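For reference, the structure discussed in these notes is given below.
Laboratory data are not the source of any read-out in this text; all were calculated from the coordinates shown. Worth saying up front: this structure is predicted, and the values here are computed from it rather than measured. Quick reminder, even Gly has a Cβ in these numbers, built from the backbone with ideal geometry, and neighbours come from all protein chains shown.
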Amino acid sequence: MRTFQFKLVLTALAITAFLSSCNSLKSMKTKANTISYEAKPSPLEVRGDSIDVMVTGKIPAKYFDKKTSISLNPSIVFNGTSVKLKPAFIKGELVVDVKGATISKLTGGTFTYTDRVAYSDQMADATLVFDLVATKGTKCLAFTTVEIAKGTLTTAYSVNATDVAILAADNFQKVVPVELKGQILFNIDDAAIAAKQQKSNDIKAFEAFVKSGNQLTGISISSYASPDGELRRNDQLSMNRTDATYSFLLSWLKKKGVMQVNDSSFYKKSATAEDWDGLKQAAASSDLADRDQIINIVSTIADPIERENAIKKLKSYQKLANKLLPTLRRSEITLMATAKVKTDAEITAEAAKDTPMLSVAEILYAATLTSDESAKLAIYNKANTAFPLDWRASTNMAYIYLNQGNKADQAIELLNKAASLDKDNAIIYNNLGVAYAQKHDYANAERNYLLAKSFGAQNNINLGNTKIRQGDYSAALSYYGTVNACTYNAALAAALAGNYEQALKNLDCAKQNANVYYLRAVIAARTNNLDNLTTNLSRAILEDQSLKAKAVKDLEFKKYAETDAFKVAVR
């Protein structure tokens with residue numbers, strides 16, 4: 001009998017505990033609306049390519065049962081589907097087997113939940129919800145789903161795609177300076193040009209130079225006397241040699257059909273009385289036994305008469321007089337010209353052939369002479385075939401693909417080939433950055449932009465744009481700096497960072513267009529300025545009618561959507 005009564009007591013206690021557990025859970029569910037939640041920001045906001053979720057909850061006093069825990073089970077719901085976020089718990093003071101914020105029964109408490117989720121375009125109309133489930137012992141009870149934040153601000157996605165790809169230079173020169181040097185030798189104490197000198201190899205080379213199509217732009221004549229004999233006579237002798245050379249060239253060029261010969265500015269003439277420097281150089285390259293003494297005498301004795309006497313006393317003077325001095329009695333002639341180059345029409349015609357006979361500079365230049373992208377690609381393909389070790393052809397093919405859009409993978413393949421040919425090339429890595437940015441692979445875009453920058457690329461705009469897309473607005477502003485401050489993207493970065501005053505300054509000096517007016521309207525909404533909001537939104541829609549539909553759905557304007565002023569602005 002006593003055993004039976006004991007069992008009854010145990011059963012009664014179990015039933016009491018069960019009912020107590022159920023009642024406490026039901027009570028918490030009934031009063032669940034006393035828990036307050038605050039999402040920051042609300043609506044949610046895209047940052048980079050993700051949504052950062054941060055929710056602070058406040059539980060009132062005398063609400064939380066000491067032996068109960070609650071799983072929050074957050075998710076983002078959109079278009080009939082949902083993305084689950086990481087789970088989190090809050091718990092009563094006597095719960096030891098659950099990790100989470102402890103809530104006092106007597107005083108209540110707070111908790112903070114954070115997570116990050118990758119953003120997709122469908123999440124613009126997403127809702128952040130908590131599905132709370134309370135657990136006490138073996139009993140669980142689901143609460144009514146709590147809506148924490150509705151909608152997503154996508155202003156960060158309005159960054160303009162101003163990333164700059166770079167076209168590799170063809171280095172083709174329409175004007176190519178060329179020159180040819182030669183000389184005329186004279187007999188001792190004579191300024192007449194011997195018949196043999198008029199038909200020398202140097203004169204024959206001049207004739208070939210002129211006949212090749214080079215366009216003469218000037219002639220330099222520098223005449224010299226050897227450093228032997230009386231100084232004043234040598235001075236006059238060198239000038240006479242200049243005049244004789246000039247007269248010879250004047251007659252000679254007329255016969256060759258060169259029209260500029262009568263233009264005095266076409267010639268540059270000079271004369272050196274005694275060519276001591278020439279003697280020093282000739283001695284240095286000679287096999288004279290006392291060549292070092294010659295160099296020392298010329299370098300240390302200032303007086304020309306003493307210098308000449310000292311040299312005449314040398315044992316090798318006769319050999320010097322016979323071998324070196326005759327080479328110093330001369331006129332040095334330089335023909336300056338611009339080389340004959342193919343015309344644009346000639347280059348275009350040649351580039352159209354299956355196997356163009358063009359230099360690498362010419363064929364790369366040919367691609368710039370057409371605006372047809374298919375023709376450009378065909379020319380670069382020919383350049384790639386003809387000059388497979390030149391990185392520019394594949395790089396410029398990639399450049400075209402990047403400008404066309406939706407061909408980032410083809411561009412990356414070509415640029416990787418180019419990088420294998422020139423691994424330290426700023427242009428290649430910059431363009432790889434643009435390609436990865438088009439693929440929304442911003443980590444690789446930044447890596448390549450920084451590599452390009454290390455090799456000298458001026459690509460702060462590209463880096464700034466990437467930092468906006470990564471959600472690092474301070475870094476973006478740092479890259480834009482003052483040089484690129486007057487741009488929409490710089491203003492966007494400032495606005496997203498909450499620096500609205502700076503953003504407006506950036507917009508004031510930026511090129512005014514629909515996007516600029518729209519961003520002004522967003523800033524006005526965030527700073528509670530309805531007049532500026534409607535004025536700028538009206539301007540934006542006037543410039544671009546497609547912005548009307550965007551504005552109606554844009555949660556930036558949610559606070560003002562039902563006002564008459566806003567309705568008029570988007571009418």
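Between Ala302 and Asp189, the contour length at 0.36 nm per residue exceeds the alpha carbon distance by 38.3 nm.
For the chain, the ratio of Cα radius of gyration to the globular rule of thumb 2.2 N^0.38 Å stands at 1.76. Among beta bridges identified by DSSP and lying wholly in the chain, the antiparallel ones come to about 85 percent. Our note on the geometry: Cα centres of the stretch 310-382 and the stretch 133-150, 84 Å apart. Here the relative contact order of the chain, from alpha carbon pairs under 8 Å that lie six or more residues apart, stands at 11 percent. Inter-label distance, Asp354 to Val552: 6.0 nm, where each label sits 7 Å from its Cα along the C-beta direction. Reported value for the stretch 343-461: 106 Å³ per residue, from the convex hull of its C-alpha atoms. Counting only lysines at least 8 places from Lys174 when in the same chain, those with an alpha carbon closer than 16 Å to its own are Lys340, Lys342.
Dividing the helix sum by the residues of the chain, where each DSSP H run of 4 or more adds -39500 (n - 2.57), gives a mean residue ellipticity at 222 nm of -14000 deg cm²/dmol.
The angle between the Cα long axis of helix 2-30 and the longest principal axis of the Cα atoms of the chain comes to about 50 degrees, rounded to the nearest 10.
Translational diffusion of the stretch 177-338, estimated by Stokes-Einstein from the Kirkwood radius over alpha carbon pairs at 20 °C in a medium of 1.002 mPa s, is 127 µm² per second. Neighbour counting of Cβ atoms within 10 Å sorts the residues Tyr224, Tyr380, fewest neighbours leading, into Tyr380, Tyr224. When only alpha carbons are used to place a centre, the stretch 161-190 and the stretch 74-103 end up 74 Å from one another. Listed by chain and number, the lysines whose alpha-carbon sits under 18 Å from that of Lys423, ignoring those within fewer than 8 places in the same chain, are Lys453. If R0 is 51 Å, the Cβ-Cβ spacing of Leu421 and Ser478 corresponds to a FRET efficiency of close to 0.95. Put simply, the convex hull of the Cα atoms in the stretch 24-153 casts, on average, a shadow of 7.5 nm².
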